[in-house]
1. What single numbered condition from (1) more than 29 Å from residue 181 (Cα to Cα); (2) buried (at least 18 other Cβ atoms within 10 Å of the Cβ); (3) within 18 Å of the chain's Cα centre (by Cα) fails to hold for residue 340?
2. If you go through region 186-214, how many residues are surrounded by fewer than 24 Cβ atoms within 10 Å (Cβ to Cβ) and either within 23 Å of residue 240 (Cα to Cα) or among the basic types (Lys, Arg) (or both)?
3. Looking only at region 220-238, decide whether some residue is part of a strand (DSSP E or B), buried (at least 18 other Cβ atoms within 10 Å of the Cβ), among the polar types (S, T, N, Q) and within 16 Å of ligand 1 (Cβ to nearest atom).
4. Does at least one position in region 306-326 carry a residue that is of a type in the set (A, V, I, L, M) and free of Cβ contacts under 8 Å to residues at least 40 places away in the same chain?
5. Could you check region 248-293 and list, in sequence order, the residues that are among the basic types (Lys, Arg) and in contact with a helix residue (DSSP H, G or I) (Cβ under 6 Å, 6 or more places away or on another chain)?
6. Which number in (1) within 30 Å of residue 127 (Cβ to Cβ); (2) in contact (Cβ under 8 Å) with a residue 12 or more places away in the chain marks the one condition that residue 299 misses?
7. Scan region 179-197 and tell me whether some residue there is of a type in the set (Ser, Thr, Tyr), out of contact with any helix residue (DSSP H, G or I) (no Cβ under 7 Å at 6 or more places or on another chain) and in a loop (DSSP other than H, G, I, E, B).
Amino acid sequence: MAETILITGGAGFIGSNFIRYILRQAQDDSIRQAQDDTIRQVQDDTIRQAQDDTIRQAQDDIRIVNLDALTYAGNLENLRDIENHQYYKFIHGRIEDSKLVRKIIETENISGIINFAAESHVDRSIIEARPFIDTNIIGTLTLLEAVRDYKLSRFLQISTDEVYGSLGTEGYFTETTPLEPRSPYSASKASADHLVLSFVNTYGINALITRCSNNYGPYQFPEKLIPLMILNALEEKKLPVYGDGLHVRDWIYVEDHCSAIWTVYQKGKSGEVYNVGGRTEKPNMEIVKSILKILNKPDTLIEFVKDRPGHDRRYAIDCTKIEKELGWTRETNLEDGLKSTIQWYLDNPEWCKNVRSGEYMEYYKKQYDK
Ligand code: NAD
Ligand code: TYD
C-alpha cells in the first residue's frame, strides 16, 4: 500500500521543488533497482520491461497530497509538469482550518505531514506581522493537534536558521544555540519550533525539525534577494542593496535542502533538530556582483538603499550533525547553482511575468519606492 504524506505549502518555492524531488526520486530509485536486477539479462526489451515494472512499484510507495492556501507566494504553475501525476493531489485550503485538515487526514489516509506552509518573507513581516502569527504559529498548532489526535507516524517542521538570531563575525549556529529571533518572521518560526518540541515532550507525538539556511533555485518568488536581483538585472532596473551590503548569508541550492528534508523525514530521530546549510557564507554584495557578472551587466546597476530595520548581520550554519548522524551532504556549489538558477529564470519568462503581475507590483512599490 502506498504511504500518503501530506505536504503543506507545496505550491511555494521549496515545497514545489520538494514534491518534484520526491516524485522523481521514486522514479530514479526504481530505475537504479531495475538496472541492478537486470544486469545479468541481455535483451534491451527485458531491461525496459523491468524498468517499467519497478517504476510502477516504487511510485506505489509514496503518494503526495498538497494542501496550500495559494497566497501571493503559492502558485500552481510551480507544479504544472506534475499536476496530473497519479500519485499527486492538490487541495486548496489553509492549515489553520482544523476541520479541513482532519477531513484530509481521514479521507486521504495520511500517515505523516511535512509542514512547509508559512508566511516566509522578513520584509513583509516588518510591514505586517499578523499573517505570520496566523499561519506560522496557529497553523502549526492546528497541524500538531491533528497529528496528536490521529496518532500520525511522523511530523516534520520546516524551520529556518533565522530562529537563532544574528551572529557577529565569529562562530556558527548549532542545534543547541539558544533561540533569539529578531524579526516578526523569525519570532513566529521560533514559536512554532517550541510548539513542535512541546508536543513531543507532552503528548509523545513523533515529530522533528529542520533548520535551514538561505535557499535559492528555480521557482523562488522574486521578493527574495537572488531572484529579485536576477530579474531586475535582466530588465536593467536598479538592484536595491540594503545598508552596506555586507550582511552575510549561508546559501544552499534548493535541491540540496530537499534531499536533506527527505533524509531527515526517513532517518531522523523524533524530538531532534537538524541544521541544514550549504557551508557557503557570502556577503550580499558578492552575490549581487556574481549575478551581474554571469548576466554580463554593469555594477553601476547596484543601488544602496535604506537598511532593513533590525537587519540580522550574519547567519552561518554548522550542519555537522546531519552530515555525521544521517550521512547527508550538499552536492551543488554556489557557482553551479547560481548559473543554473539564472538559466531557469531566463528560460521561464512567462512564469516571471505572471508572478510579478498585480499584488507583486503593489508590494514592490511599498517596499522600494520610499
Ligand atoms: P514560500 O513563501 O515560497 O511558500 C509558502 C507556501 O505556503 C505558499 O505556497 C503559500 O501559498 C503557502 N501558505 C501560506 N500560508 C498558508 C496557510 N495558512 N495554509 C496553507 N498554505 C499556506 O516559502 P518557501 O521559501 O518555499 O519556504 C517554505 C518553508 O521553508 C517555510 O516554512 C520557510 O520558513 C522555510 N524556510 C525557507 C527558507 C528560504 O530560504 N526560502 C530557508 C529556510 C527555511
Ligand atoms: P532575503 O532573500 O529576504 O532573505 P533573509 O532576509 O530571510 O535572509 O534577504 C537576503 C539578504 O539580502 C538579507 O541580508 C537582506 C538582503 N536584501 C537586500 O539587500 N536587498 C533586497 O532587495 C532584498 C530582498 C534582500
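1. (2)
2. Result for region 186-214: 1.
3. no
4. Scanning region 306-326 turns up no residue that is of a type in the set (A, V, I, L, M) and free of Cβ contacts under 8 Å to residues at least 40 places away in the same chain.
5. Of everything in region 248-293, just one residue is among the basic types (Lys, Arg) and in contact with a helix residue (DSSP H, G or I) (Cβ under 6 Å, 6 or more places away or on another chain), namely 267.
6. (2)
7. There is no residue in region 179-197 that is of a type in the set (Ser, Thr, Tyr), out of contact with any helix residue (DSSP H, G or I) (no Cβ under 7 Å at 6 or more places or on another chain) and in a loop (DSSP other than H, G, I, E, B).
This table checks each residue for (1) more than 21 Å from residue 270 (Cα to Cα); (2) over 16 Å from the mean Cα position of the chain (by Cα).
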| site | (1), (2) |
| --- | --- |
| 138 | yes, yes |
| 147 | no, yes |
| 157 | no, no |
| 175 | no, yes |
| 186 | yes, no |
| 201 | no, yes |
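The values are calculated or read from the model by the stated rules, or taken from the named source; none is laboratory data. Just so it is clear, the structure is predicted and the values come from calculations on it, not from any experiment. Glycine gets a Cβ as well: all are built from the backbone with ideal geometry, and neighbour counts include every protein chain shown.
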